[in-house]
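Readers should treat all values here as calculations from the given coordinates under stated rules, not as data from a laboratory. Worth saying up front: this structure is predicted, and the values here are computed from it rather than measured. Note: ideal-geometry Cβ built from the backbone for every residue, glycine included; neighbour counts use all protein chains shown.
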Amino acid sequence: MVATISIFFHLILLLISFSQTTIINGDNGFTTSLFHRDSLLSPLEFSSLSHYDRLTNAFRRSLSRSATLLNRAATNGALDLQAPLTPGSGEYLMSVSIGTPPVDYIGMADTGSDLMWAQCLPCLKCYKQSRPIFDPLKSTSFSHVPCNSQNCKAIDDSHCGAQGVCDYSYTYGDRTYSKGDLGFEKITIGSSSVKSVIGCGHESGGGFGFASGVIGLGGGANPPVLPTLLSHANGKINFGQNAVVSGPGVVSTPLISKNPVTYYYVTLEAISIGNERHMASAKQGNVIIDSGTTLSFLPKELYDGVVSSLLKVVKAKRVKDPGNFWDLCFDDGINVATSSGIPIITAQFSGGANVNLLPVNTFQKVANNVNCLTLTPASPTDEFGIIGNLALANFLIGYDLEAKRLSFKPTVCT
């Protein structure tokens, strides 16, 4: 079975095609909530921080997340020390229900890992969460995954436990962890359900906030859990036959298969600003698409070229970031909201996919009279770049995993 999903939200729209996850019902599609960790809907924390403070915190999480992601990509995920990304560094939460009868579940949506897990009773060690802890013994749809099954072998760090049950032990980049057993369970989204493999964590610890667990949305899950990507606060994720990226303005680029398979790789050939074109490396799959990272990170040489071109065409006064975080900032002689004084930056991907990034994709107002470039330099030793969620704002993006194709369609999100 092949199904398709689309994600609708305030700034960004994403879509992905998938197979191997069993849809129990809901042939016409289904929807769940997707919201930012700092929104008022978030169970993680209620904060009186200002908009600028929240923005700065998100940017700092991007730095931490990108360092782990780029390091793991550079080593092809081969080193044991290269654990999955820290889900707490992600930006978005997803609301679903698990089991029969359904139990509310709010998970950290994480494109940097592949396993979906929930804290389960009985608890050997559990952290405090905002929803009741799931009890598999009270679910009529739960069954254990046998340790000799292909589903068990497909999960990293799985092993044979008591009574032939498949156990797992999952440790993230910051040493947060979940340990337990794997099960087949029904995941309910609205009035529709899918049957999938989930981890039932009886021992968990670390920086998961008050979330019930983690929803791994990486490309390496086999079979996929909830094959989706995620984005902006107070959004909706729609699954269904009508979630197709097509029509005028659509451009596509190949998805590149490489290790670690968790990540979504494409090839960035160049970046153009006006009449100047700055070439990226010739390496295939040199950029990772990661909606859990707010910022975009460019190889240092490519970033320097972009800055050089911007300094030639932007007429506003260059100013310093009061937080000493940003390299290139201008005063209010530019206006991100109205696109005044800021050129379009074109990202040119392989396959002829030229994507025009508007000012809202590349600049943010970070303080009074300070507007900074949100394309940032990666370490000089990093071979990869990252396209984060700010750069994907106001696009419908299609991930077709069977055709191995990524599609972009400009969309005005309101």
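If I model a spin label at N335 and S149 as a point 7 Å from the Cα along the Cα→Cβ vector, what separation in nanometres do I get?
According to this spin-label approximation, the distance is 5.9 nm.
At q = 0.10, 0.11 Å⁻¹, what is the base-10 log of I(q)/I(0) for the stretch 237-340 according to the Debye formula with one equal point scatterer per Cα and no solvent? Please give it to two decimals.
Taking Cα atoms of the stretch 237-340 as identical point scatterers yields -0.45, -0.54.
With a/c under 1.5 counting as rounded, go ahead and sort the stretch 350-414 into rounded, prolate or oblate using the C-alpha gyration tensor (a ≥ b ≥ c being the square roots of the eigenvalues; past the cut-off, prolate if a/b is larger than b/c, else oblate).
Verdict is oblate for the stretch 350-414.
What number does the stretch 129-184 give for Rg over Rh if you use C-alpha atoms and the Kirkwood radius?
Rg/Rh: 1.01.
By average Cβ neighbour count within 10 Å, what is the ranking of 118-126, 307-315 from highest down?
Highest mean packing first, the order is 118-126, 307-315.
Please give the Cα centre distance for the stretch 254-274 versus the stretch 349-404, rounded to the nearest Å.
About 12 Å separates the Cα centre of the stretch 254-274 from the one of the stretch 349-404.
Label C123 and A367 with points 7 Å out from Cα along Cα→Cβ: what is the distance between them in nm?
In this crude spin-label approximation the distance works out to 4.2 nm.
Shape of the stretch 251-410 from its Cα gyration tensor (a ≥ b ≥ c, root eigenvalues): rounded if a/c is under 1.5, otherwise prolate when a/b > b/c, or oblate? Can you show the working numbers first?
Numbers: a/c = 1.85, a/b = 1.71, b/c = 1.08.
Prolate is the answer for the stretch 251-410, as a/c is 1.5 or above and a/b outweighs b/c.
Per 0.36 nm of contour for each residue apart, how much would the distance between S350 and T381 grow if the chain were fully extended, relative to their Cα-Cα spacing?
Full extension of this stretch gives 8.8 nm more.
Quick check for me: using +1 on Lys/Arg Cβ and -1 on Asp/Glu Cβ, what's the dipole size of the stretch 251-410 about its Cα centre, in debye to the nearest 20?
So the dipole magnitude of the stretch 251-410 works out to roughly 240 debye.
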